[in-house]
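These notes concern the structure reproduced below.
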Amino acid sequence: MKFSHTLTGAAGGVLLACAAAFAQDAAPAPAAPAGVGRPEVKTVGDWMVRCFPVASPGPCDIYQELDDQRTRQRVLSFSIAYIPSLNRHGIQITVPLEVSIQKGLTIITDSYTSPVMKFRYCDRTGCFVQMPLDNAAIESIGKSGPDAKVRIFADNGKAYDLRFSLKGFTAAHDSMAEQARAKGKAPAPAAPAAPPPAP
């Protein structure tokens, strides 16, 4: 297994849609926004800090992808965005197909274990968790290290641990949050409801 710094625009786009949905307190949308350009990227430890050229409440994320060295297939991708206007985080984790959908996945570090995270959907590229992640979880992950794992289950019930690096996590997160504050666009206020038609 190796760390990859592949730029995956679609994955970033999904998270941006996710961030916009969190801002509206709705379920995250699975489709990437059309026309998302290439992000500005900088590497911090084993993480990428990416900011996409879109008007979004959370246009930036931190991202890490692990690929199988033999097949060059993605084994795990991990992305966290921050929505400054809500002081909330959104997470997207992608794992291979053929996982037990019912069992979900868990993030485990040396000092933090997440609740079970349910998969939102699967497509031909993998199965996805997309959900809010509370600020306390981010702090706990940041205090852990140097490695962590995502525990998934196969259909036969066997557990598998997909390891990822926490090297640079806190610095990458802080850089991402700072850029999100500078570049994020507050969500537009909801339009008032139309009055009922006159009788």
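Just so it is clear, none of the values below were taken in a lab; they were calculated from the coordinates. Being a predicted model, the structure only gives us computed values, none of them experimental. With ideal geometry, Cβ positions are generated from the backbone for all residues, glycine too; neighbour counts draw on all protein chains shown.
Of Lys42/Lys183; Lys118/Lys158; Lys103/Lys143; Lys149/Lys185, which pairs sit farther than 22 Å apart, going by alpha carbon to alpha carbon?
With Cα atoms farther than 22 Å apart: Lys103/Lys143; Lys149/Lys185.
Net charge near Thr106, counting Lys/Arg +1 and Asp/Glu -1 over other residues with Cβ under 12 Å of its Cβ?
Combined, the nearby Lys, Arg, Asp and Glu give +3.
Can you tell me the order of 83-90, 115-122 when each peptide is scored by its average per-residue count of other Cβ atoms within 10 angstrom, highest first?
In descending order of packing, they fall as 83-90, 115-122.
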